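Asker: The structure that follows is given in the form of structure tokens.
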Amino acid sequence: SSDLQTIQYIDLRNTDLCNAKCQFCGPHHTNQWPGATLRHQLIDDYLDTIITGDLIEIYFAGGEPLISQDHAKILQMCVDQGISYSINLRYSTNLSVLKYKDLDFVELWKKYKSVLLMPSADGIGSTYEHIREKLNWKTFENNLQYVKSQGINLKILFVLCSLNIWNLKETVRSEEH
């Protein structure tokens, strides 16, 4: 007889729900473009299979995972089951929000083994706002400083493209500070 093993690593991308209309995403990665339809795979029926005591890491991507009800549900479920302290979390996020309804992600993240946020920022100021339409540079900057002050690990994801290449030196100098 063979022993079935439970899932240890999850890469969760079950929706393209997003609050941004990034210039290089198009309708395949966000529901914000005209003509795009929201794609969402319900996961409620699978939660007992994927959320187990053997879980080591969850990677959340999207769309934007921090506005996803499923993301919030999974985080709270792991805490409630007492397994969050052994789980590493990793995110591809636009870092535009740090809460979902009454759930404060920063407080929840403190109950996990580790958290790595990989926020996307492809420029600063108006370049950022042009590329990541519907998002606000100041909000991103404030959220970035806040999570840094809370000891959360960060790695900025930078997409070099024709929309920001002329501001590359200015952006790199800004991020060095």
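Read-outs: derived from the displayed coordinates by stated rules, not from any lab. These numbers were taken from a predicted model, which means no experiment stands behind them. Backbone-built Cβ (ideal geometry, glycine too); neighbour counts: all protein chains shown.
Asker: Packing-wise, with mean Cβ within 10 Å as the measure, how do 67-73, 152-158 rank, highest first?
Answerer: Listed from highest to lowest mean packing, they are 67-73, 152-158.
Asker: Then there's this: Jot down the per residue volume, in cubic angstrom and as a whole number, of the convex hull over the alpha-carbon atoms of the range 52-167.
Answerer: Measuring per residue, one finds 102 Å³ for the Cα hull of the range 52-167.
Asker: Work out the length of the dipole vector of the range 87-134 about its Cα centre, built from +1 on the beta-carbon of each Lys and Arg and -1 on the beta-carbon of each Asp and Glu, and round it to the nearest 20 debye.
Answerer: I would put it at about 280 debye.
Asker: For the range 87-153, report the % of Cα-Cα distances exceeding 21 Å.
Answerer: Roughly 25 percent, rounded to a whole number.
Asker: Can you give the net charge of the other residues whose Cβ lies under 14 Å from the Cβ of K101, counting K and R as +1 and D and E as -1?
Answerer: With Lys, Arg at +1 and Asp, Glu at -1, the neighbours total -2.
Asker: Also, I was wondering about something else. From the residues G53, G63, L42, which one has its Cα farthest along the dipole of the range 40-79 in the positive direction, the dipole being from +1 and -1 charges on Cβ of Lys/Arg and Asp/Glu about the Cα centre?
Answerer: Final value for the positive-end residue is G63.
Asker: While we're looking at this one, here's another question. Can you give the translational diffusion coefficient of the range 69-118 in µm²/s, computed by Stokes-Einstein from the Kirkwood radius over Cα pairs at 37 °C and 0.692 mPa s?
Answerer: The Stokes-Einstein estimate is 296 µm²/s.
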